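A short worksheet on the structure shown next.
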Amino acid sequence: MEMSTAYLLGRLMFALDREAERLLQDQVGVSYKRILFLTVLRDCGTVTQHELAVALGYSDPAVSVMLGELTKDGLVATAPSATHGRKRLVSITPKGAEVVTRGRRVLDTSFDELLVRAEVDGQRLRESAARLYQAVLAKGKQGNA
């Protein structure tokens, strides 16, 4: 019996996530979840804690917990908002940006090796993945309309 595409993609993502976790822990000393968190923060720039939660798709309490850990490790900085006393602004530190750069290098190198081993054209895969991602986003917006 042939696996459905949805099932196969789910299994692939699970396996890739587990491998990313292993590689990042071994080579960078940080979890995959933290790298994702830091990457989104780096891409967003300085944002409020709530804006970061929305960008990540996490709850505000989950972001609060992660921020405490990342601040303690010197990877992010928080400051009170000058315009709203109850809001906190969050930004990545140079140390956090370096962790993202190292993590991305590790993951990109490993994934490129997988593509060669599987004889998959990386450019075509990126283009297809980008189209699929945009279709998912568009479908999600239609469901919210």
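The values are calculated or read from the model by the stated rules, or taken from the named source; none is laboratory data. What you see is a predicted model; the values in this text were computed from it and never measured. Here Cβ is always computed from backbone atoms with ideal geometry, including for glycine, and neighbour counts include all displayed protein chains. Side chains are part of the model used for accessible areas, which takes the heavy atoms of the whole protein and leaves out ligands, DNA and RNA. Shrake-Rupley method; radii C 1.70, N 1.55, O 1.52, S 1.80 Å.
Quick notes on this structure:
For (1) surrounded by 15 or more Cβ atoms within 10 Å (Cβ to Cβ); (2) out of contact with any Ser or Thr (no Cβ under 7 Å at 6 or more places or on another chain); (3) in a strand (DSSP E or B), each residue gets a yes or a no:
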| position | (1), (2), (3) |
| --- | --- |
| Phe37 | yes, yes, no |
| Pro61 | no, yes, no |
| Ala77 | yes, no, yes |
| Thr109 | no, yes, no |
| Tyr133 | no, yes, no |
| Ala138 | no, yes, no |
| Gln142 | no, yes, no |
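- Count - residues of the range 113-131 that are open to solvent by 80 Å² or more (accessible area, probe 1.4 Å) and part of a helix (DSSP H, G or I): 8
- Cβ-Cβ contacts under 6 Å between residues 6 or more apart (or on different chains), taken from a first residue in the range 94-112 that is farther than 15 Å from Phe37 by Cβ to a second residue that is part of a helix (DSSP H, G or I) and open to solvent by 70 Å² or more (accessible area, probe 1.4 Å), are listed as Val106/Gln27.
Yes/no matrix, rows are residues, columns are (1) open to solvent by 30 Å² or more (accessible area, probe 1.4 Å); (2) closer than 27 Å to Ala129 by Cα; (3) in a helix (DSSP H, G or I); (4) out of contact with any His (no Cβ under 6 Å at 6 or more places or on another chain):
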{"position": "Glu2", "(1), (2), (3), (4)": "yes, yes, no, yes"}
{"position": "Arg18", "(1), (2), (3), (4)": "yes, yes, yes, yes"}
{"position": "Glu21", "(1), (2), (3), (4)": "yes, yes, yes, yes"}
{"position": "His50", "(1), (2), (3), (4)": "yes, no, yes, yes"}
{"position": "Ser64", "(1), (2), (3), (4)": "yes, no, yes, yes"}
{"position": "Glu69", "(1), (2), (3), (4)": "yes, no, yes, yes"}
{"position": "His84", "(1), (2), (3), (4)": "yes, no, no, yes"}
{"position": "Gly96", "(1), (2), (3), (4)": "no, no, yes, yes"}
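- Residue count for the range 4-13, restricted to those that are in a helix (DSSP H, G or I) and either under 14 Å from the mean Cα position of the chain (by Cα) or more than 18 Å from Leu125 (Cβ to Cβ) (or both): 2.
- Within the range 59-78, being in contact (Cβ under 8 Å) with a residue 12 or more places away in the chain and farther than 21 Å from Arg102 by Cα holds for Val63, Ser64, Thr78.
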